[in-house]
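Written below as structure tokens is the structure these notes are about.
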Amino acid sequence: MSQSTQTKKAFFFSCGIHFLILLLLIASYEFSSPPPVEEETSDKMINAVALTQPSTTIKPLLQTNKKAPTPPSEPQPDPKVAENTPAPTPKMAIPDPSKKHDLKKELLADLEDQMAQKKKAHKALVKSFDKTLKQQAAKDLQQSLKDKKEKLAQARAQQRQGIVDKYKAQILETIGQNWIVPGGVDKNLSCQLLIHLAPGGIVLDVQITKSSGDEILDRSARAAVFKASPLPVPIDIYSFEPFRSFVLKVKPENVVEVNGDKGFWLG
């Protein structure tokens, strides 16, 4: 083979390689870049770049055609498997010994506080109960003393009334024995006498509080009381007290009891 033939083959081989490189550049540019603006100078610029700098432009263009790797997606759990899978057991926290000791102190403090409050409430309740008992006891004592006083007063009144009834009959009998009724007077007439006695039955004064209308009859009745002095009365001063002053209503036929100024009756 001649040397010219080899030169031609090398030239054609170099042109073919450049042509393939140019096709690859055009293909990568169409896939990775937006369509270029249609101008007349674009093909010339691309050819110039491809022919003059094939080693510096091919690599960046090839790198721009590569897509960024997509990160692998996490597998989604199967719902059926998730239903049958037991829930994870929560981990038990290890207690702190110092916190446990503080909790025990707090519990003891609360317990002591509750006990103190209960004791305080118990003391207040006992105090209130004692006060109520004392008040009730004082009230019962007062009522008892009042009842005793009333019973004693009733007993004394009954005793006094018995003494009055006893000496009343004796006084009436004594006055009747000493009354000289004038003749010719109306025996249906009556007069009232207020009699004052001293201890021992001595007659101090006799006053006519209501006249019978017959002066002679009134004077005779008054004279009969003075003539009967001393009248029979109790020796005891307390029992004699009702007889210090009393009122008598008298008639010629008998002596009729009337209300005395000390609140008793004689007849």
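The values are calculated or read from the model by the stated rules, or taken from the named source; none is laboratory data. What you see is a predicted model, and the numbers here were worked out from it, not measured in a lab. Cβ placement follows ideal geometry from the backbone for every residue including glycine, while neighbour counts extend to all protein chains displayed.
Table for the structure above
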{"quantity": "Selection status of Ile175, surrounded by fewer than 16 Cβ atoms within 10 Å (Cβ to Cβ), hydrophobic (A, V, I, L, M, F, W, C), within 21 Å of Leu231 (Cα to Cα) and assigned by TED's automatic domain parsing to the domain that holds Glu253", "calculated": "no"}
{"quantity": "Meets criteria (touching a helix residue (DSSP H, G or I) at 6+ places or on another chain (Cβ under 6 Å), at negative phi and assigned by TED's automatic domain parsing to the domain that holds Leu248) for Lys166", "calculated": "no"}
{"quantity": "In region 253-263, the residues that are surrounded by fewer than 19 Cβ atoms within 10 Å (Cβ to Cβ) and either at pLDDT 65 or above or closer than 19 Å to Ile163 by Cβ (or both)", "calculated": "Glu253, Asn254, Glu257, Asn259, Asp261, Lys262, Gly263"}
{"quantity": "Residue within region 192-215 that is assigned to a helix (DSSP H, G or I) and assigned by TED's automatic domain parsing to the domain that holds Lys251 present", "calculated": "yes"}
{"quantity": "The one condition in (1) touching a residue at least 40 places away in the same chain (Cβ under 8 Å); (2) assigned to a helix (DSSP H, G or I); (3) hydrophobic (A, V, I, L, M, F, W, C) that Ala138 fails to fulfil", "calculated": "(1)"}
{"quantity": "Positions within region 219-243 being under 13 Å from Lys168 (Cα atoms) and surrounded by fewer than 21 Cβ atoms within 10 Å (Cβ to Cβ), in sequence order", "calculated": "Leu231, Pro232, Pro234, Ser239, Phe240"}
